[in-house]
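Before any comments, here is the structure.
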Amino acid sequence: MLVQGKVPLAQSLIKYAQEGSYPVVLDRDVVKQLGRRIVLTNVIEVDEKTGYVRHNSERLAQVLLRWYSHA
């Protein structure tokens, strides 16, 4: 399971909360019970125009390629 390591900035969290959206909280025990491995990484960035959090596609691709090459 790929998990974002760093929490988004407070300003971004507030913006999303005002729209009724909240980050998913990682429950390590449930993931462990499912027999899944957790890969912590940082693949998000804030779009300066909109203030929304977006995946950095290059970083995400690098992480996925590295992950699958070791599988």
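No value in this document is a laboratory result; all are computed from the given coordinates. The structure displayed is predicted, hence computed values, not measured ones. Positions of Cβ are backbone-derived with ideal geometry, glycine not excepted, and every protein chain shown enters the neighbour counts.
Before moving on, here are some points about what is shown:
- Top-ranked residue of the stretch 12-25 - restricted to ones that are outside any loop (DSSP other than H, G, I, E, B), free of Cβ contacts under 8 Å to residues at least 24 places away in the same chain and not β-branched (Val, Ile, Thr), ranked as surrounded by the fewest Cβ atoms within 10 Å (Cβ to Cβ): GLN18
- A count restricted to the stretch 26-69 and to residues that are part of a loop (DSSP other than H, G, I, E, B) and in contact (Cβ under 8 Å) with a residue 24 or more places away in the chain stands at 7.
- Selection count where residues are loosely packed, with under 11 Cβ neighbours inside 10 Å and either in contact with a Gly (Cβ under 7 Å, 6 or more places away or on another chain) or under 12 Å from PRO8 (Cβ atoms) (or both), scope the stretch 26-61: 1
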